[in-house]
Every structure is written in C-alpha cells, then in structure tokens.
Amino acid sequence: MMKKVIKRDGRVVDYDRNKILIAIRKANLEVDDLEKISEEKIEGIVAGIENVKRDTMQVEEIQDLIEQKLVAEGKYVLAKTYIIYRYSRELVRKANTTDESIMSLIKNSNKDVMEENSNKNATIASTQRDLIAGEVSKDLTKRLLLPEKIAKAHEEGILHFHDADYFVQPIFNCCLINIGDMLDNGTVMNGKLIESPKSFQVACTVVTQIIAAVASSQYGGQSVDVRHLGKYLRKSYEKYRRHYEEKYSGQISEELIDQFIHDRLYDELKSGVQTIQYQINTLMTTNGQSPFVTLFLNLDKNDEYIKENAMIIEEILRQRIEGIKNEKGVYVTPAFPKLIYVLDEHNCLKGGEYDYLTRLAIRCSAKRMYPDYISAKKMRENYEGNVFSCMGCRSFLTPWKDENGNYKFEGRFNQGVVSINLPQIGIIADGDEEMFWQLLEERLGLCFEALMCRHRALEGTLSDASPIHWQYGAIARLKKGEKIDKLLHGGYSTISLGYIGLYEVTKLMTGCSHTEPKGLDFALRLMKRLRRATDTWKEETGIGFGLYGTPAESLCYRFANIDKKKYGSIPDITDKGYYTNSYHVDVREKIDAFEKFRFESQFQTISSGGAISYVEIPNLRNNLEALEEVVKFIYENIQYAEFNTKSDYCHVCGYDGEIIINDDFEWECPQCHNKDHNKMNVTRRTCGYLGENFWNVGKTKEIKARVLHL
C-alpha cells in the first residue's frame, strides 16, 4: 500500500487518495456523457494505483498511471482532458512563485535567504533590492532557464545549482583581478580614464575603486595580489627623496634627510593601507554589500620590490590586529578584506629574513582569525611550480600558459559551480557498492549538464556587459562589442564541480569514518572518481572543469535537511542537521591539529580546483607558541589551511566573550544586551558548524533544538 508521495519540489507528503479522485472527477465533468467514466471505474483506477507494490511514488508517476488507465479504458477524450487539466495546474504552479518569498524579505522574515550570506544585511533597502531581484532570478531560472530535470534535481537535493539568484544575467562567479595591468596601464571607470598612479596613496585609492567596480558586476569573490603595490611605494620613496634632497641638500645632514624621508613614507604607507581597509569596509557595491575581497600577501624572492612589499604586508597585519572602530568607537574585527599569508623558505620560522612577518601574522590570527595560510612549498608541488592566490570564493585556477609559454593566473575567473550531494547517494545505496557507483555515474551526468548550462549562459556575452572586466583590464582588454567566448574555452577560465559530505557517505557505505583504513580506501576511490570526471569533461570539451571543495557552509545544512525530510533521521548522518563540508574530518573525531592537516592534505591534492582545511585551537590569544608550531607544520605538510576557535564578539559594545542564548532562544550579548544578529559574531566549532554568524530567528521547537545543539 502506497503511503508517501514525493512532490515536485522534493517534499515527501502523506498519500491522499481524495486528491486523485478530485482531479479525475474534474476532468470527467468537462467531457460529453459518452466520454465520461463511471464512479466505479474512477475508484478502480485509484485502487489500481494504490495496489502498486511501492511505499512511495513521485507525483508525476501517479499522473502518468492515471493517463495510461484512462487510455486503456478507451476514454481518449477524457485522457486528453485530464492531460490538459494536469497541464493547466502546472501553469498555475509556475505562474507566480515569488510573491511569498519577496514579501517575507520585505518583512524581514525570510530566514533562508537572509542567512544565506552573512556579508549582507537584509534589513537595508539597497540589500533588499538585490535580494528581491535574486528571488525573481531564481524563479526564472527554475521555471524557464534550466532544463526541468536539472531544476528538479536541485529541488530534491541531488545537486545544488549555486547562485541561481544571479543566473538570469551573463555574469560569472569569482576571479583574480589583473591588478598589476590595471595599475601599470591605466583603466576606465564610469567612462573616466584612470591613469597609472604616481604614488602609493593614489595607487591604494585606485585599487579600492577597482575592487568596488569589479564586485558590482559579478557575484563571487575576488582576490588581489598586494605585491603590485610595492612599485608605487618605491615611487613615493623616490618622490620624497628628490624633494628633500633638492630642498635641504648641503643644509642638513644626510641622516636627518633620511629620517624625513622615512617619516613621510611611513605616513603614506599607513594612510594607504588604511584607505584600503576602510574603503573596502565602507563601500557598498550595487548588490548591497561590502566587496567580497581577499588580499594575497606573498613575498616573492625574485620580486625587485620585495622590501617595499614586506613593509606593506607588515602594515596590513598591524592594522588588522588593531581592527576597525564601530559606531560606538569600539575596535572590532572587520569581515573584509580576507587575508591569505604565504609561507615560504624566507618566512617559515626557520631563521629566515622575514620570520618576523610570520610571527606578526600569527598574532593577527590569534586576535582576528585571519590570515589563512598557504604553503608555497606544497603549492609548487601541486601546481607546476607556481604560487598564486585562490579566488575570493577559495576556488583555485589550474595552470595555464599564454601564447608565449608564460604561466598566467591574474585576469582569470571561474564560470560557476554545481555541487553534488554525496550522502544522499549513500543513503539510497545503503551499503550496496554496485548501486552506489551506478547512481554516482547518473548524478555526475546531471552535474555535467548543469555545469554546461552555466557555461552556455555565458557564451555570446559581449564585452559591453561589464567594461571593467572585459574591456578595461580586470580580466581582459577586449574591443567594444567583442564576445568573451575565447576566454571561456581552452582552460583559461575554470568551472567547478563541488561536493559535500565525504565523511557521511563513507560512513554510510563502509560503516566507519574515512579516517579509518577501510573508510579511507573507499573515500579515496570516490574522490579520484570525482577528479577523473572533471578531467574527462575538460579533455572532451576544452573547458576548464575542476574539482572544488566548496566552502558553502549553508549547503551543508540544505542537503542534510532535504535528506532528513525525505529519508528520516539517520544516526550520525541526517540527525545532526548538517553534513561535513567537502573532505573534512568530522569535528567530533578525536584527532589533533597536526594529524588532521596531514590526513586532509591527501584530499587537497586531488581536489585541485579548490580546497581548504582548518583546525580548532582553543584560546588562540594565549597559544602563540602552539600556533607557531602549527604554522611550521602547515608549511611542510599542507597547501591551504586556517585556524578556528570559539570566538564570540559583540560589535556594539566590544564585548569579547561568549554570547549567550536567552530565554527566547535568541543570541544576546551579556554585557550590553544587544540582540541584533547583524552586530555580533557567534561562532561555534564544537558540533561541526562550519560558518560564522548563524542567527536564531523564531521560537519553534526545531529552531530551539538547533540552537541548543550549537
């Protein structure tokens, strides 16, 4: 006897025979008497459906069976009428699906959308405007732009079609801005020529203007390599040298002239870095948020401006340690820019010239949670000897050479992401490996089709769509009216297959974690199959497919919640309310920081399109020596890593302790009693939650349970 029905949106509901009876009867009323079917026959059709030996059926399968049974009865006109009725109901469903979500946004009650991006304050009008447009885009994407099977796969949690709220426009995910070219050769913004700067201060201002312009015409993060600013700090030095020597040569000592130059240069250095930090945090892009930008802090031993860049990095770290004042005048941790610090032979705490910078970076991590760390040693092993930043969304480009055989990374981008739900395959397969691998192949095929939808949506885009990207140097310098297609092929840009829940799928298929030998064997076979899929797609299409350990924390919850509703509460799988991100070790496993990094590094090598690992270290500020040991270990063992800790913070009063959960199950600062979730950080690492700024909205039992779990 059938008990459950799977709706088109993936929801599983109780079977209700009356709904089937009503639909057939309504169609029956529309036809002539000779074409009508008796009530007894209608009951027989429904009984036949109920006698199908399945507990659960798709709603489309039920409707197909009804049509077949009507045709078998010779009621062709009635069958056609039922089909028309079914189609008309489909049109009603598709006619308007945005009213409720948009109105709830305006009323600040659309929790799912409001929590999806912690960088957006959904109560602000300009941000709401972008979110409303996003709801319309998601609706059009689901109903019109994607093939029905892809839209359905997204709704059912088979895959996740990322950033559907921007898919209606021909814009891409994330990039490495070619900031060196834009500074050296000038650019154009808002129709105005911006020439190459003559000083460090101006260069910093231009960089922030570029960042804001770029962020307004794409939906993902962006990264900027600060080494390009070294040249302009030297220009300022040379300018001050000329000025003071012309004015005071022969009148005062050289030592005093040098002191004047040093003082003026440091003032400009401090002001320039402050410009970057404050501009990024006070600018609003056209989508109602601060630019999602990462600064790449890398000292290249072959850089002629390495001394100047060391000065710039030092000042960036010092200002990040200090923080930024909030409206109450309290120094707080800014969300942006994110920082990535590169460890190399000269600063890996082995007595190198720039070890002092690494110790400063560690102090910064202890107080402000950033920077993240990249090991130049491991990265060179994985990327043909190159060291470069991930894009703002933490996805990595693959090595690519220009027509002169030179590696190029800046000025490249990611076309978009589709992620696969691995645990759901494991739930269905239930330990049957033959079924698992068959299902995986089917779903990889769906992911490929979805990714090709992303790719084709960009094909034919004219450079005029975003001049700052395509015409004025951020990505390229194409002609007006020129198509961007050549940048979509040949591996110049990437397109990413993400994945969620390697730990859970391994547990489902082997009964143990991927940290155990049996589980590890399965997990590595699975990861290698995912990587082989992207490599094969790249070879067959010439498009830069890559395997990407996406950091989309909200997706860990979305997939788990969908699967819990569909398959019930499964111990250590859906009962937690989240899936473990990408290849990460479950946070409840007893594993120390060193072993965790050593273990996860083998998956980073496979997941070359994007990967990051983290460890939780309690009391970061009191553990500087321990952090130094971990940083040394990172350099030798893993490409990309970060530190986490339980770190609550109130931006209103500056309270730096644990944010409490009050009687109404809301986060509340115990010092000033602030309850505005946009003005506090609440981070929990003990249960596996991977993001920051999780807000409790509402007082239902479900929300209460989640809050207490966190």
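The values are calculated or read from the model by the stated rules, or taken from the named source; none is laboratory data. If you're wondering where the values come from, they're calculated on a predicted model, not measured in any experiment. A quick note on method: Cβ atoms are made from the backbone with ideal geometry, for glycine too, and the neighbour counts reach across all protein chains shown. In case anyone asks, the SASA skips ligands and DNA or RNA and just uses the protein heavy atoms, side chains included. Shrake-Rupley method; radii C 1.70, N 1.55, O 1.52, S 1.80 Å.
From the residues in segment 319-342 that are β-branched (Val, Ile, Thr) and within 26 Å of the chain's Cα centre (by Cα), which one is nearest to Thr294 (Cα to Cα)? Reasoning before the result, please.
Taking segment 319-342 as the starting set, the residues that turn out to be β-branched (Val, Ile, Thr) are 321, 324, 330, 332-333, 340, 342.
Checking the rest, the ones that are also within 26 Å of the chain's Cα centre (by Cα) come to 321, 324, 332-333, 340, 342.
Details: Ile321: 16, Ile324: 17, Val332: 18, Thr333: 15, Ile340: 7, Val342: 13 Å.
Restricting to residues being β-branched (Val, Ile, Thr) and within 26 Å of the chain's Cα centre (by Cα), the top hit is Ile340.
Please determine, by comparing only the residues of segment 477-491 that are in contact with a helix residue (DSSP H, G or I) (Cβ under 9 Å, 6 or more places away or on another chain) and part of a helix (DSSP H, G or I), which one is nearest to Pro399 (Cα to Cα). The qualifying residue nearest to Pro399 (Cα to Cα) is Leu487. If you go through segment 532-577 and pick out every residue that is free of Cβ contacts under 8 Å to residues at least 12 places away in the same chain and in a loop (DSSP other than H, G, I, E, B), you end up with 4.
With respect to the conditions (1) open to solvent by 40 Å² or more (accessible area, probe 1.4 Å); (2) without any contact (Cβ under 8 Å) to a residue 40 or more places away in the chain, Asn382 falls short on a single one, namely (2). The set of residues from segment 203-223 being in a helix (DSSP H, G or I) and either closer than 15 Å to Tyr266 by Cα or open to solvent by less than 70 Å² (accessible area, probe 1.4 Å) (or both) comprises Ala203, Cys204, Thr205, Val206, Val207, Thr208, Ile210, Ile211, Ala212, Ala213, Val214, Ala215. Filtered by the rule that a residue be over 18 Å from Ile475 (Cβ atoms) and either modelled with pLDDT of 95 or more or not in a loop (DSSP other than H, G, I, E, B) (or both), segment 163-197 gives Ala164, Asp165, Lys192, Leu193, Glu195, Ser196, Pro197.
Picking from residues in segment 224-248 that are assigned to a helix (DSSP H, G or I) and among the acidic types (Asp, Glu), the one that is nearest to Leu297 (Cα to Cα) is Glu238.
Six or more apart or on different chains, Cβ atoms under 8 Å: show the pairs whose first residue is in segment 221-244 and more than 14 Å from Asp263 (Cβ to Cβ) and whose second is open to solvent by 60 Å² or more (accessible area, probe 1.4 Å) and of a type in the set (A, V, I, L, M). Within 8 Å, the pairs are Tyr232/Val202; Leu233/Met311. A single member of Gly549, Gly519 is in contact with a Cys (Cβ under 7 Å, 6 or more places away or on another chain) and open to solvent by less than 10 Å² (accessible area, probe 1.4 Å), and it is Gly519. Against the list (1) among the hydroxyl-bearing types (Ser, Thr, Tyr); (2) touching a residue at least 40 places away in the same chain (Cβ under 8 Å); (3) surrounded by 18 or more Cβ atoms within 10 Å (Cβ to Cβ), the condition Tyr614 fails is (2).
Would you confirm whether any residue within segment 89-111 is modelled with pLDDT of 70 or more and touching a Leu at 6+ places or on another chain (Cβ under 8 Å)? No - not one qualifying residue is present in segment 89-111. Here Asn414 meets the list (1) out of contact with any Asp or Glu (no Cβ under 8 Å at 6 or more places or on another chain); (2) farther than 25 Å from Pro170 by Cβ; (3) buried (at least 21 other Cβ atoms within 10 Å of the Cβ) almost entirely, failing just condition (2). Residues in segment 585-602 that are under 17 Å from Arg394 (Cα atoms) and either open to solvent by less than 10 Å² (accessible area, probe 1.4 Å) or of a type in the set (Val, Ile, Thr) (or both): Glu600 only. For segment 480-502, the set of residues classified as open to solvent by less than 10 Å² (accessible area, probe 1.4 Å) and over 30 Å from Tyr578 (Cβ atoms) consists of Ile484, Leu488, Gly491, Ser493, listed by residue number. Would segment 570-578 turn up any residue that is over 20 Å from Thr515 (Cβ atoms), open to solvent by less than 20 Å² (accessible area, probe 1.4 Å), polar (S, T, N, Q) and modelled with pLDDT of 90 or more? Checked segment 570-578: at least one residue is over 20 Å from Thr515 (Cβ atoms), open to solvent by less than 20 Å² (accessible area, probe 1.4 Å), polar (S, T, N, Q) and modelled with pLDDT of 90 or more. A Cβ distance below 6 Å, combined with a sequence gap of six or more or placement on separate chains, defines the contacts here; from segment 390-410, residues that are touching a residue at least 60 places away in the same chain (Cβ under 8 Å) and at positive phi reach no residue that is β-branched (Val, Ile, Thr) and open to solvent by 40 Å² or more (accessible area, probe 1.4 Å). Taken as a whole, segment 260-281 holds no residue that is of a type in the set (S, T, N, Q), more than 26 Å from Val387 (Cα to Cα) and not in a helix (DSSP H, G or I).
In this structure, Glu304 does not satisfy being closer than 25 Å to Ala212 by Cα, open to solvent by 20 Å² or more (accessible area, probe 1.4 Å) and either in contact (Cβ under 8 Å) with a residue 12 or more places away in the chain or in a loop (DSSP other than H, G, I, E, B) (or both). Residue pairs whose Cβ atoms lie under 8 Å apart, sitting 6 or more positions apart in sequence or on different chains, and linking a residue in segment 40-54 that is free of Cβ contacts under 8 Å to residues at least 24 places away in the same chain and under 15 Å from Met2 (Cβ atoms) to a partner that is open to solvent by less than 20 Å² (accessible area, probe 1.4 Å) and basic (Lys, Arg), do not occur here.
Yes/no per residue for (1) surrounded by 12 or more Cβ atoms within 10 Å (Cβ to Cβ); (2) at pLDDT below 95; (3) not basic (Lys, Arg):
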{"residue": "Asp225", "(1), (2), (3)": "yes, no, yes"}
{"residue": "His228", "(1), (2), (3)": "yes, no, yes"}
{"residue": "Lys235", "(1), (2), (3)": "yes, no, no"}
{"residue": "Glu245", "(1), (2), (3)": "yes, yes, yes"}
{"residue": "Gln251", "(1), (2), (3)": "no, yes, yes"}
{"residue": "Glu254", "(1), (2), (3)": "no, yes, yes"}
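Over 22 Å from Gly546 (Cβ atoms) and of a type in the set (Asp, Glu): is that true of Asp485 in this structure? No. Residues in segment 503-516 that are in a loop (DSSP other than H, G, I, E, B) and either surrounded by 20 or more Cβ atoms within 10 Å (Cβ to Cβ) or of a type in the set (Val, Ile, Thr) (or both): Ser513, His514, Thr515. Quick one: in segment 390-411, of everything that is of a type in the set (Gly, Ala, Ser) and open to solvent by less than 10 Å² (accessible area, probe 1.4 Å), which residue is nearest to Leu339 (Cα to Cα)? So the residue we want is Gly392.
Would you be able to say whether some residue in segment 530-541 is touching a Phe, Trp or Tyr at 6+ places or on another chain (Cβ under 8 Å), open to solvent by less than 10 Å² (accessible area, probe 1.4 Å) and within 18 Å of Ile573 (Cα to Cα)? Before you say what the answer is, go through the steps one by one.
Narrowing segment 530-541 to residues touching a Phe, Trp or Tyr at 6+ places or on another chain (Cβ under 8 Å): 530, 533-535, 537-538.
Add one more test, that the residue is open to solvent by less than 10 Å² (accessible area, probe 1.4 Å), and what stays is 530, 533-534.
When the remaining residues are screened for being within 18 Å of Ile573 (Cα to Cα), the result is none.
No; the residues of segment 530-541 include none that is touching a Phe, Trp or Tyr at 6+ places or on another chain (Cβ under 8 Å), open to solvent by less than 10 Å² (accessible area, probe 1.4 Å) and within 18 Å of Ile573 (Cα to Cα).
Residue by residue, here is whether (1) farther than 24 Å from Lys149 by Cα; (2) in contact with a His (Cβ under 9 Å, 6 or more places away or on another chain); (3) touching a residue at least 24 places away in the same chain (Cβ under 8 Å) holds:
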{"site": "Met435", "(1), (2), (3)": "no, no, no"}
{"site": "Trp470", "(1), (2), (3)": "yes, no, no"}
{"site": "Gly481", "(1), (2), (3)": "yes, no, no"}
{"site": "Leu488", "(1), (2), (3)": "yes, yes, yes"}
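Take Glu345 and tell me if it is more than 21 Å from Asp372 (Cα to Cα) and assigned to a loop (DSSP other than H, G, I, E, B). So Glu345 fails the test.
For the structure I just gave you, tell me whether Leu265 is touching a helix residue (DSSP H, G or I) at 6+ places or on another chain (Cβ under 9 Å), more than 20 Å from Leu176 (Cα to Cα) and open to solvent by less than 60 Å² (accessible area, probe 1.4 Å).
On the way: touching a helix residue (DSSP H, G or I) at 6+ places or on another chain (Cβ under 9 Å): yes; more than 20 Å from Leu176 (Cα to Cα): yes; open to solvent by less than 60 Å² (accessible area, probe 1.4 Å): yes.
The answer is yes for Leu265.
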